[in-house]
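The values are calculated or read from the model by the stated rules, or taken from the named source; none is laboratory data. Owing to the predicted nature of the structure, the values given are computational and were not obtained by experimental measurement. With ideal geometry, Cβ positions are generated from the backbone for all residues, glycine too; neighbour counts draw on all protein chains shown. Accessible surface areas use protein heavy atoms only, side chains included; no ligands, DNA or RNA. Shrake-Rupley method; radii C 1.70, N 1.55, O 1.52, S 1.80 Å.
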Amino acid sequence: MKEHRPNPEALLERVQEEERQEQRGKLKIYLGAAPGVGKTYAMLQDALAKRTQGLDVVVGVVESHGRNEILSMLKDIEILPKKAVEYRDKQLTEFDLGAALKRNPGLILMDEMAHTNVHGLMHPKRWQDIKELLDRGIDVYTTLNVQHIESLNDIVSQIIHAPIKETVPDSMLELADTIELVDLPPEDLLKRLNEGKVYFPAQAVIAKERFFRKGNLIALRELALRVMAELVNVQVLLYRQGLGIRHIWPTKEKILVCVGPGYESTKLIRTARRLATSLQAEWMAVYVETPNLQLSEDKHNSAISNLRLAEQLGADTRILTGFDVAKEIMNFAREQNVTQVVVWNRIRPYWRTWFFKSLADEIIRQSGEVDVYIVTGEREGAKIPKPVTTPEKNTISWKIYGVALGIVGISTLINLVLYPYLHGSNLIMVYLLGVTIIALFGRMGPSILASVLSVLAYGFLFTPPFFTFAITEIQYIFTLLVMLVVAQTISHLTILTRRHSEAARFAGQRTATLLSLSRQLASTRGVDKLLEIASRYAAEVFDSDVLILLPESGHLTIRASYGKEEKLNEKEQGVAQWVFDLGQMAGLGTDTLSFSDSIYVPLLASQGSIGVLRVKPIQSKHLFTPDQTHLLEACANQIALALEVDRLQDKMKKSELLSEGNRARRALLESVSHNLRTPLVAVMGAASTLMEMGSELDAAKIKKLGKNIYVELEQLNRLLNNLLQMTYLEGDEVKLQKQLCSLKDIINLVITTSSKKIGKKPINVHLPPNLPEIPLDKILIEEVFINLLDNAIKFTPANSPIEIIAQLEATQVVVSIEDCGPGIVMDEVNKLFEKFYRGRMLTSERGMGLGLAICRGIIRAHGGKIWAENCKEGGAAFRFTLPLSSTSN
């Protein structure tokens, strides 16, 4: 057999599936054709072997049915205590899922996979308990009889002539890592039954008369072998696809099954599943909603439940909308390249086929190259109960009928007025107008009633002989018939057009809302705002009350709500926690915790579940369609993605802040190691010279050394003062000692104090003559001028001037210190006032990069602002503002 290069996408999917399997527990199913073939015995034997290898093995549920060999094997394995449950005044014991999860063994034994749990437990079925154990990473061994497989339910029922109520979805078999067939010939099984090794003697007699017939056992054995063969074929196919081996089928089969609200749909779905499995083909299930056929809520929910059954069995489900069911199905089949259509055809009397065409007949007529697989039979099962019409709906319906009667009456009155002036045929248009108006209400019944009444009124009042329904001329009969047909056609088309436009409007509105959500989530930051947008969107699209829960301190708490409900009871909180822990949907319309009146969807991000979306339909117990459920999941994923992006951005900001803090610490250490150490070294050198050579030095040299020591200590004091000043300004609250001061006096004092640094530099001060005294902290503002002058002196030539200018404005004074230096590098304008930033301009002067940062802190504390810019004539200008009026600090 020729091999090809494996498909990268298939390999990636296989690797991802293997990763999921590694996180999930391993499932082994012991499959048998009937009870008593030895499934439990084989399971216990393997479990004991695993136990001897050191694996932690416990028994969750094992039914011995009084067999001594089973009881003796159970003595060597730990058995989990069962949970006592009250049911119909009886004390029953069931598997305790909570205790098993708390025990967290390596392997747990769960007999009778198809068992139905007592009402009130977390899951209604034992296979759901098993699935949760697997999701929690616990390996499971379990047993299953072939008659409990969902897709074989109706076949087994026909074989044994009895219904099978307990079933397991085929998806659980697909989930199994290993399926072991435990086989026993029917003769040996009947012998074991007679020896009491299957049931107690009294039960064995009843079982032999009903279930344990040789023919039944042979047929069930064949089914079990066939199931195993199909599973092996699937494994072989997966293996071939994984290695990139050429596909041996020249064409690919695809099956489409037509689903409706009736009971027969379940048989159709199971038939399609078996057909798809036997052909190893993809299969789909569709339900067509037609605007001219309004189903009751019960029938609609029944159709949705049938679609969910198909989805559980592995089908891709769709809901179509159209007027012609057969046409919509065949159009969809051709679009999807479907090769076979499975449809139900009820057996009817021969004469009815002449007058009433079935859906199967129409599909066959339009099928063309598509094969049609017809499933026939009488309608089985209980009829769907008719819904109880609420008084509100009844009232609305009768109101529309009343309006229809009123419009017909008004049309008749108008015609009575117009009759003397118009020809009788023109009066028909008035009735047609009335029928069209009634059709706008969107109800077929009132429109039909109005059509018939209009024809009768016209014939009674406006066609001879008058005031009688007897018609003598054929032309009037023809006129009335045409009028009836036209009225019905207008009514029908108006109703269909209106419903079609409403459906299109709803679809457009949903698309627009989804687009709006995407844009808003993309342009919004902050968890609270994102949750507000998401909850409002979900409530509008799904017509529901919405809650969004996020984990806080190990518990889920409500972070956003839209609608009436703003809290959860203990049960609902438990459902939400379960959904968060396992990352699976639960609640209304699902197989897990379905007692809830809401559906819970996990918010899944790349790292797992980050929250839960709770959606409660405003219309109580209204089931979402599969399309709506998928849309809800997509919305939840989009919400989770937006939340995750927001969290990542927060982490990036924190990382940037941490990096900035590290940079500041490094700058501080560098400044401390250089700027503080340098004066200390100079002082220590001068002091050492005095100590060692003091007697040899004259007074002038001693004075010079003393002056150097003073200058270096002054610089050290300056640096330390800047550090303390910066710490003070970054405190929670800066307390200013404000008083009215003259800005001229402060500038003169600063120039006098800094005269040694200024040297021969000319300082030009320009102040307005009417400058008032300003409320400020004199000592701090002096620090601002000292630092700005010091900065100008460092970066300008020795004899270049420095300009100090003050300009008076309405509510503030603007002070500028301008120099004639090289100016400011443009990309540094916004960085100069950051802590420890020293710039790229080379200078021999020492500094820690705190002077300008201190100036910014002081000016901000006074309610002003400070900035730097380049002058047009060259040089740099540092400007700051001070308010003229006092402000509280």
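I'd like the FRET efficiency for E195 and N104, computed as 1/(1 + (r/R0)^6) with the beta carbon distance as r and R0 of 45 Å, rounded to 0.05. The formula returns an efficiency of 0.70 here. For the stretch 121-203, the solvent-accessible area works out to 41 Å² per residue, with a probe of 1.4 Å and every protein chain left in place. Available extension along the chain between L493 and L416 is 24.9 nm, counting 0.36 nm per residue and deducting the alpha carbon span.
Shape of the stretch 134-191 from the C-alpha gyration tensor: oblate (a/c of 1.5 or more and a/b not above b/c, with a ≥ b ≥ c the square roots of its eigenvalues). Remark: spin-label model distance D371-L657 equals 6.7 nm, labels positioned 7 Å along the Cα→Cβ axis. When the trypsin sites (Lys or Arg not before Pro) in the stretch 60-114 are filtered for DSSP coil states and for at most 13 other beta-carbon atoms within 10 Å of their beta-carbon, the remaining sites are K75, R88. As a calculated quantity, the FRET efficiency between K26 and N830 at R0 = 60 Å, using C-beta atoms, amounts to about 0.50. Couplings for the stretch 778-793, taken from phi via the Karplus curve 6.51 cos²θ - 1.76 cosθ + 1.60 with θ = phi - 60°, read 4, 5, 5, 5, 4, 4, 4, 5, 4, 5, 5, 5, 4, 5, 5, 5 Hz in order; Gly and Pro are left as x.
Determine, from the Cβ-Cβ distance of Q619 and L461 and an R0 of 45 Å, the FRET efficiency 1/(1 + (r/R0)^6), rounded to the nearest 0.05.
After rounding to 0.05, the efficiency reads 0.50.
Take the stretch 61-100 with all the other protein chains still there, run a 1.4 Å probe, and you get 62 Å² of accessible area per residue. Which pairs in the list K703/K794; K28/K75; K50/K131; K707/K872 are over 32 Å apart, alpha-carbon to alpha-carbon? The pairs that break the limit, which is 32 Å between Cα atoms, are K707/K872.
Taking 0.36 nm per residue of separation and subtracting the current Cα-Cα distance, fully stretching the chain between N721 and D177 would add 188.5 nm. Using a ≥ b ≥ c from the Cα gyration tensor of the stretch 51-106 (square roots of the eigenvalues), is it rounded, prolate or oblate, where a/c under 1.5 gives rounded and otherwise the larger of a/b and b/c decides, a/b for prolate? Verdict is oblate for the stretch 51-106.
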